[in-house]
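Chemist: Handing you a structure now.
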Amino acid sequence: MSDCIFCKIANREVPAEIVWENNDFVAFLDINPVTSGMTLLIPKKHTSSYIFNDENEDMGEIMKASKVVAKMLEKTFKVKRIAVIFEGLEVNHLHVKMFPLKEDSSIKGILNSNYSKPTPEDLHKTALDIIKAKSE
Ligand SMILES: [Zn+2]
């Protein structure tokens, strides 16, 4: 869809801190993260954002792609778990919100914390760290 921000990111018409991609999916850092390393994973093809209206095969594919990104985030942020949310709000293009969970952390804890927003330079550095983790 021409007016969809996530389609524009997937098509490289709008810049984003992309950390991973394959033929069908692309992962990039959220510009307003609620925790360090909050990453969005999207299918390159425009799809409605409510995952439970998705075809079963497509649901499987997005979880497999999420696993690849989750392993990169685990390594980068030295965490044991990555939480994911499929709420699909804000942008009507299917997306997985991925949150590195530090020790003793939870989604509730993250959402209630006062995480200060990173600068564009901080985001870029974080993206490079994640990309580096993939190649190590
Ligand atoms: Zn789209």
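Chemist: Which ones in the range 59-82 are in contact with a helix residue (DSSP H, G or I) (Cβ under 9 Å, 6 or more places away or on another chain) and without any contact (Cβ under 8 Å) to a residue 24 or more places away in the chain?
Modeler: Met59, Lys71, Lys80, Arg81, Ile82 - these are the residues of the range 59-82 that are in contact with a helix residue (DSSP H, G or I) (Cβ under 9 Å, 6 or more places away or on another chain) and without any contact (Cβ under 8 Å) to a residue 24 or more places away in the chain.
Chemist: For the range 78-94, how many residues are over 12 Å from the mean Cα position of the chain (by Cα) and open to solvent by 50 Å² or more (accessible area, probe 1.4 Å)?
Modeler: 7
Chemist: In the range 69-81, is there at least one residue being in a loop (DSSP other than H, G, I, E, B) and either under 18 Å from Ile131 (Cα atoms) or within 16 Å of the ligand (Cβ to nearest atom) (or both)?
Modeler: Yes, the conditions are met somewhere in the range 69-81.
Chemist: Now a separate question. Look through Ile31, Ile85, Ile51, Ile107 and report the one residue that is within 16 Å of the ligand (Cβ to nearest atom) and not aromatic (Phe, Trp, Tyr).
Modeler: From the options Ile31, Ile85, Ile51, Ile107, the qualifying one is Ile51.
Chemist: Condition first: within 16 Å of Ile62 (Cβ to Cβ) and either within 11 Å of the ligand (Cβ to nearest atom) or more than 12 Å from the chain's Cα centre (by Cα) (or both). Now tell me which residues in the range 10-28 satisfy that.
Modeler: Hits for the range 10-28 are Ala10, Asn22, Asn23, Asp24.
Chemist: Scan the range 119-136 for residues that are modelled with pLDDT under 95 and open to solvent by 100 Å² or more (accessible area, probe 1.4 Å) and jot them down.
Modeler: Lys132, Lys134, Glu136
Chemist: Condition (residue is modelled with pLDDT of 95 or more, open to solvent by less than 100 Å² (accessible area, probe 1.4 Å) and in a loop (DSSP other than H, G, I, E, B)) applied to the range 95-115: is it met by at least one residue?
Modeler: The answer is yes, given that some residue of the range 95-115 is modelled with pLDDT of 95 or more, open to solvent by less than 100 Å² (accessible area, probe 1.4 Å) and in a loop (DSSP other than H, G, I, E, B).
Chemist: Kindly list, by first and then second residue, each pair from a residue in the range 38-56 that is over 10 Å from Val96 (Cα atoms) and of a type in the set (Lys, Arg) to a residue that is more than 9 Å from the ligand (Cβ to nearest atom) and open to solvent by 20 Å² or more (accessible area, probe 1.4 Å), limited to pairs with Cβ atoms under 6 Å and residues at least 6 apart or on different chains.
Modeler: That search, which allows pairs on different chains as well, returns Lys44/Asp24.
Chemist: Could we say that Phe52 is modelled with pLDDT of 95 or more and of a type in the set (Phe, Trp, Tyr) here?
Modeler: No; evaluated as a whole, the condition is false for this residue.
The values are calculated or read from the model by the stated rules, or taken from the named source; none is laboratory data. The shown structure was predicted, so the numbers you read here are calculated from the model rather than taken from an experiment. In this analysis, Cβ positions are derived from the backbone assuming ideal geometry, glycine residues included, and neighbour counts consider all displayed protein chains. Side chains are part of the model used for accessible areas, which takes the heavy atoms of the whole protein and leaves out ligands, DNA and RNA. Shrake-Rupley method; radii C 1.70, N 1.55, O 1.52, S 1.80 Å.
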